[in-house]
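K.L.:
Supplied in structure tokens, the structure appears directly below.
The values are calculated or read from the model by the stated rules, or taken from the named source; none is laboratory data. Quick caveat: nothing in here was measured; it's all calculated off a predicted structure. Reconstructed Cβ throughout: ideal geometry from the backbone, glycine too, with neighbour counts over all protein chains shown. Note: accessible area is taken over every heavy atom of the protein model, side chains too, but ligands, DNA and RNA are not part of it. Shrake-Rupley method; radii C 1.70, N 1.55, O 1.52, S 1.80 Å.
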Amino acid sequence: MSERSPRSIRSIPETPGGTRGPDPLMNYTLRPEDMVTERRLGEGSAGTVSKVKHVPTGFVMARKHVQCDPNPEFQRSLERELKTLDRCHSPWIVTFYGAYMDGDELAICMEYCEGGSMEAIYKRVAEKGMKISEQVLGKISEAVLNGLVYLHKMHHVIHRDLKPSNIVVTMEGQVKLCDFGVSGDLVNSLAETFVGTSYYMAPERIQGGKYPVQSDVWSLGLTMIEIAQMKNPFPNNLSVFELLHYIVNQAMPSLPEEETWSDDFRDFLQQCFIKDFMKRPTPEQMLRHPFIVASSQRTAEEVDMKAWIRGVWDHDATLQTAKAV
Ligand SMILES: Nc1ncnc2c1ncn2[C@@H]1O[C@H](COP(=O)(O)OP(=O)(O)O)[C@@H](O)[C@H]1O
Ligand SMILES: [Mg+2]
């Protein structure tokens, strides 16, 4: 184990948290022995996410366990990342409650979004033979862009891993981002354990490793076309090499002509898929796109996200059925 003890990470929740508002965990240091696992929510390339209860307070959270590099340098950068996470307070970002080491695994505790991820949601909607309306897609895009602008403006952070499973929804219908890489160290270290390629990677990422803020906009385009069509938009059976070649060189898939999507939504996706990142809009510019402007003018009564998410999970049966994918 490193000279730097895991306690340094465990101490994060003790950071004076006065600006966070009511926080049932404010006076607690999170400890593995205080957690009971209620349910496994899903498994990603880097770890496992569970719904857990903090026994002393009865507070329910989502806890992500990731294998952690004991290298002291990595732990120091991790600590910096966790401190930034701790400073993020936005309705579009999943709240971070604290982190601790459990053996050689890092446990990251965050707000539990019981409506599940957009991946779980669209799969559920597809199973029911239904569709997600363009107005709901507008509200999702708007929330994601607001989250990206918040991260970038307030914390100089680029998300780096935007995809349907990293967009989660509460049962109040709030749409939030999770799993963004603060300095990139955490994402990079996780990526090392990730065999395979992200479908959501922008061409500039494949070509050189540069990560401008516009790369998130590319990933947003792919995410939204996938959610709209309720399936991955790329042709089936591409090898990894063919996929990378496709992303860099081929025109990206668009919504089928015969389907009744608005020109604004189609154009929104086109803007996301501009290959040259210098010409692709930033998240802030995308907030001014007509598709988003029109969405932001629709009231909560006109597009009732709470009713929508409750409908997806058949209302009260929700908590049992909101299985993450
Ligand atoms: N805060 C959260 N609230 C509810 N579900 C979550 C939360 N964070 C993650 N999940 C669920 O856990 C699953 C696994 O997450 P993760 O390990 O990040 O892998 P990935 O995002 O690559 O699927 C996600 O698909 C998501 O459904
Ligand atoms: Mg994730």
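K.L.:
How about segment 109-149: which trypsin sites (Lys or Arg not before Pro) there lie in a loop by DSSP and see at most 13 other Cβ atoms within 10 Å?
P.N.:
Taking segment 109-149 and a limit of 13 other Cβ atoms within 10 Å, the loop trypsin sites (Lys or Arg not before Pro) found are Lys128.
K.L.:
What's the extension gain from Ser45 to Ser133 if we count 0.36 nm per residue and subtract their Cα-Cα distance?
P.N.:
Contour length minus Cα-Cα distance gives 28.7 nm.
K.L.:
Next question, about the same structure. Hey, what do the phi angles of segment 118-125 turn into as Karplus ³J(HN,Hα) couplings, whole Hz, using 6.51/-1.76/1.60 and θ = phi - 60°, x for Gly and Pro?
P.N.:
5, 5, 4, 5, 5, 5, 5, 5
K.L.:
On full extension of the chain, what length is gained from Ala126 through Gln207, given 0.36 nm per residue of separation minus the C-alpha to C-alpha distance?
P.N.:
25.7 nm
K.L.:
Through the Karplus equation 6.51 cos²θ - 1.76 cosθ + 1.60, θ set to phi - 60°, convert the phi angles of segment 108-113 into ³J(HN,Hα) values in whole Hz; use x for Gly and Pro.
P.N.:
10, 9, 9, 4, 8, 9
K.L.:
Let me know the Rg and Dmax you get for segment 194-267 when you use only its Cα atoms, in Å.
P.N.:
Cα radius of gyration and Dmax of segment 194-267 are 13.0, 38 Å respectively.
K.L.:
List, in the order given, every pair from Lys83/Lys163; Lys64/Lys176; Lys51/Lys131; Lys83/Lys139 whose Cα-Cα distance in the structure shown is over 22 Å.
P.N.:
Lys83/Lys163; Lys51/Lys131; Lys83/Lys139
K.L.:
Given points 7 Å out from each Cα along the Cα-Cβ axis, report the Phe241 to Thr37 separation in nanometres with one decimal.
P.N.:
4.0 nm
K.L.:
Then there is this: Considering only protein heavy atoms, what per residue accessible area in square angstrom results for segment 30-188 with a 1.4 angstrom probe?
P.N.:
Spelled out: the 1.4 Å probe surface of segment 30-188, per residue, equals 38 Å².
K.L.:
Keeping the other protein chains in place, figure out the carbon and sulfur percent of the accessible area of segment 70-181, with a 1.4 Å probe.
P.N.:
That share works out to 48 percent.
K.L.:
Between Gln270 and Thr29, what is the FRET efficiency for a Förster distance of 56 Å, r being their Cβ-Cβ separation, to the nearest 0.05?
P.N.:
Computed FRET efficiency for Gln270 and Thr29: 0.70.
K.L.:
Another one. Set the Förster distance to 30 Å, then compute FRET efficiency between Glu302 and Met154 from the Cβ-Cβ distance, nearest 0.05.
P.N.:
The computed FRET efficiency comes out at 0.55.
K.L.:
Would you mind calculating the gained length between Asn71 and Thr84 on full extension (0.36 nm times residue separation, minus the Cα-Cα distance), in nm to one decimal?
P.N.:
Residue separation times 0.36 nm, minus the Cα-Cα distance, leaves 2.7 nm.
K.L.:
For segment 142-154, take each phi angle, set θ = phi - 60°, evaluate the Karplus expression 6.51 cos²θ - 1.76 cosθ + 1.60, and give the result in whole Hz per residue in order, putting x for glycine and proline.
P.N.:
4, 5, 4, 5, 4, x, 5, 5, 4, 4, 6, 5, 8
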